[in-house]
Number of protein chains: 2
Amino acid sequence: MKAIVPFKRAGAKSRLKRLLTLEEREKLALMMLKDVLTALSRSMIDRIEILATGGGFVEELKVRDIEVRYDDRDLNDALNTAISVQDQPVLIIMADIPLVTPESINEMINRNEDVIVSPGRRGGTNAMLLRKPSLFSVSYYGISCIAHLERALLCNMSCGVHDSFFMSVDIDEVEDLVELLIHGKNTHSARYLNDIGLRLHANKGSKTRVDVVR
Amino acid sequence: MKAIVPFKRAGAKSRLKRLLTLEEREKLALMMLKDVLTALSRSMIDRIEILATGGGFVEELKVRDIEVRYDDRDLNDALNTAISVQDQPVLIIMADIPLVTPESINEMINRNEDVIVSPGRRGGTNAMLLRKPSLFSVSYYGISCIAHLERALLCNMSCGVHDSFFMSVDIDEVEDLVELLIHGKNTHSARYLNDIGLRLHANKGSKTRVDVVR
């Protein structure tokens, strides 16, 4: 099965501004992409296409065996064009979920529904498997995981929800880095954060609260 | 297999103060417990013990087929006493994870490791299966999911991590209610929140952000 990984480097992850410089955020985005590609390469996925959106040629993406498609439009337009020509099942998976495991990807692939959605926090869609991609159209932003399930029903497609914590952790805000540092010991992204001096800090109180500091 | 569900009603969920009165928070805590008990009763779990901590007799807990143990000490002391006398495997599962599914509980039960941890956000342990409970001791608070895995290794027990988004969502803060309202359509807890007027609100921006309002 083929995976499409949308990726935006330029100005990536602006909500991490408080802790990371622009250069560091772009580097982190690249490390997270690397983690997602590693998980994909260890799963049943056998073809990967990176959909580079938001402008800017990305030299580091020229890696073996990976196709890169450039599209400067927004995520929905770029993805809908990309899937409109796919006559085989496709897994759309976000580039900012570095904790994702090959096992979890395989579980999605082994299910039977036409549309399988793996939610992120706040209603996002962090991964979505489409059996008939050219008959579907995506709509990210807002509570997209529910929108995608509703769209499947409208299209008379069967659908299901994949239940994965590690897929749900997309790295957008500083508090998400806490998850990456706790669970990501073997990821490129967490190692990079350690290298530039980020670490966990436990504020002892009646209930200990864990934060990330630099 | 037996499940132990720690439950604290008195003064429950103080971090939801901004949106809910004390009475509403205690009611919500009870509804969430009900959701967890429902999931357990539909899983391979065949015995349930509620461990009522933090004082106060809870009339509503007198339900058929469920044992209730009262212990006024803190969570760790109460749980460690409870598991010290268990000679059969036990699942410890929190009462504030109303999105938990029977399928996810069964997946934990069907694994082989001695200790299986299901993480919550910020390093919590939202469910933990212990094959040899009397040889283990729990330590909640802080980054307990890592502490529990390390303790397993120290005790020469095999261990693993169970990867479930719906188990990871413990309802502590207002933003957690967003998850409950998005995914909890069939839960007692989300219906209760709807009944008292809570609803999702999408703030449109460059990226839509979803919040809960009253």
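Does at least one position in the stretch A:102-121 carry a residue that is in contact with an Asp or Glu (Cβ under 8 Å, 6 or more places away or on another chain) and acidic (Asp, Glu)?
Within the stretch A:102-121 (the criterion being in contact with an Asp or Glu (Cβ under 8 Å, 6 or more places away or on another chain) and acidic (Asp, Glu)), the answer is yes, since at least one residue qualifies.
Of all residues in the stretch B:161-173, count the ones that are buried (at least 23 other Cβ atoms within 10 Å of the Cβ) and within 11 Å of another protein chain (Cβ to nearest Cβ).
Qualifying residue count for the region: 7.
So A:ILE146 fits all but one of (1) touching a residue at least 24 places away in the same chain (Cβ under 8 Å); (2) within 12 Å of chain B (Cβ to nearest Cβ); what number is the exception?
Among (1) touching a residue at least 24 places away in the same chain (Cβ under 8 Å); (2) within 12 Å of chain B (Cβ to nearest Cβ), A:ILE146 violates only (1).
How many residues are touching a residue at least 60 places away in the same chain (Cβ under 8 Å) and away from chain A (no Cβ under 14 Å) when one looks only at the stretch B:84-97?
Just the residues of the stretch B:84-97 that are touching a residue at least 60 places away in the same chain (Cβ under 8 Å), to begin with: B:86, B:88-97.
This time we only want the ones that are away from chain A (no Cβ under 14 Å), so: B:86, B:88-93, B:95.
Total meeting the criteria: 8.
Within the stretch B:107-119, is even one residue within 14 Å of chain A (Cβ to nearest Cβ), out of contact with any Ser or Thr (no Cβ under 7 Å at 6 or more places or on another chain) and surrounded by 22 or more Cβ atoms within 10 Å (Cβ to Cβ)?
Yes: the stretch B:107-119 contains one or more residues that are within 14 Å of chain A (Cβ to nearest Cβ), out of contact with any Ser or Thr (no Cβ under 7 Å at 6 or more places or on another chain) and surrounded by 22 or more Cβ atoms within 10 Å (Cβ to Cβ).
Has the stretch A:121-128 got at least one residue that is more than 14 Å from chain B (Cβ to nearest Cβ), within 16 Å of the chain's Cα centre (by Cα) and free of Cβ contacts under 8 Å to residues at least 60 places away in the same chain? Quick ask: steps written out before the conclusion?
Quick first cut of the stretch A:121-128, residues more than 14 Å from chain B (Cβ to nearest Cβ) only: A:128.
From what's left, within 16 Å of the chain's Cα centre (by Cα): A:128.
Remaining after also requiring free of Cβ contacts under 8 Å to residues at least 60 places away in the same chain: A:128.
There is at least one residue in the stretch A:121-128 that is more than 14 Å from chain B (Cβ to nearest Cβ), within 16 Å of the chain's Cα centre (by Cα) and free of Cβ contacts under 8 Å to residues at least 60 places away in the same chain.
To keep it simple, each residue is scored yes or no on (1) modelled with pLDDT under 95; (2) surrounded by 16 or more Cβ atoms within 10 Å (Cβ to Cβ); (3) within 30 Å of A:ASP87 (Cβ to Cβ); (4) of a type in the set (Ser, Thr, Tyr).
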| residue | (1), (2), (3), (4) |
| --- | --- |
| A:VAL5 | no, yes, yes, no |
| A:ALA10 | yes, no, no, no |
| A:SER14 | yes, no, no, yes |
| A:ARG18 | yes, no, no, no |
| A:GLU26 | yes, yes, no, no |
| A:ALA39 | no, yes, yes, no |
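Among the candidates A:LEU51, A:LEU33, single out the residue that is more than 23 Å from A:GLY184 (Cβ to Cβ), touching a strand residue (DSSP E or B) at 6+ places or on another chain (Cβ under 6 Å) and not in a loop (DSSP other than H, G, I, E, B). Show your work before the answer.
Details: A:LEU33 fails: more than 23 Å from A:GLY184 (Cβ to Cβ).
It is A:LEU51.
Quick one: would you say A:SER137 is surrounded by fewer than 20 Cβ atoms within 10 Å (Cβ to Cβ), more than 26 Å from B:SER144 (Cβ to Cβ) and in contact (Cβ under 8 Å) with a residue 12 or more places away in the chain?
Numbers: surrounded by fewer than 20 Cβ atoms within 10 Å (Cβ to Cβ): yes; more than 26 Å from B:SER144 (Cβ to Cβ): yes; in contact (Cβ under 8 Å) with a residue 12 or more places away in the chain: yes.
So A:SER137 fits the description; yes.
Let me spell it out: the conditions are (1) on the phi < 0 side of the Ramachandran plot; (2) more than 8 Å from chain A (Cβ to nearest Cβ), and B:GLY197 meets all of them except one. Which number is the exception?
The failed condition is (1).
Test of understanding: among B:SER158, B:SER134, B:SER139, which residue is more than 12 Å from every other protein chain (Cβ to nearest Cβ), touching a helix residue (DSSP H, G or I) at 6+ places or on another chain (Cβ under 6 Å) and not aromatic (Phe, Trp, Tyr)?
Working: B:SER158 fails: touching a helix residue (DSSP H, G or I) at 6+ places or on another chain (Cβ under 6 Å); B:SER139 fails: more than 12 Å from every other protein chain (Cβ to nearest Cβ).
Being more than 12 Å from every other protein chain (Cβ to nearest Cβ), touching a helix residue (DSSP H, G or I) at 6+ places or on another chain (Cβ under 6 Å) and not aromatic (Phe, Trp, Tyr) holds for just one of B:SER158, B:SER134, B:SER139, which is B:SER134.
Among (1) closer than 30 Å to B:ARG121 by Cα; (2) in contact with a Lys or Arg (Cβ under 6 Å, 6 or more places away or on another chain); (3) away from chain B (no Cβ under 14 Å), which single condition is A:PRO102 missing?
For A:PRO102, the failing item is (3).
Which members of the stretch A:176-192 meet the condition of being touching a Lys or Arg at 6+ places or on another chain (Cβ under 9 Å) and within 8 Å of chain B (Cβ to nearest Cβ)?
Within the stretch A:176-192, A:VAL178, A:GLU179, A:ILE182 qualify.
The values are calculated or read from the model by the stated rules, or taken from the named source; none is laboratory data. In this text the structure is predicted, and so the values were computed from the model without any measurement. In this analysis, Cβ positions are derived from the backbone assuming ideal geometry, glycine residues included, and neighbour counts consider all displayed protein chains.
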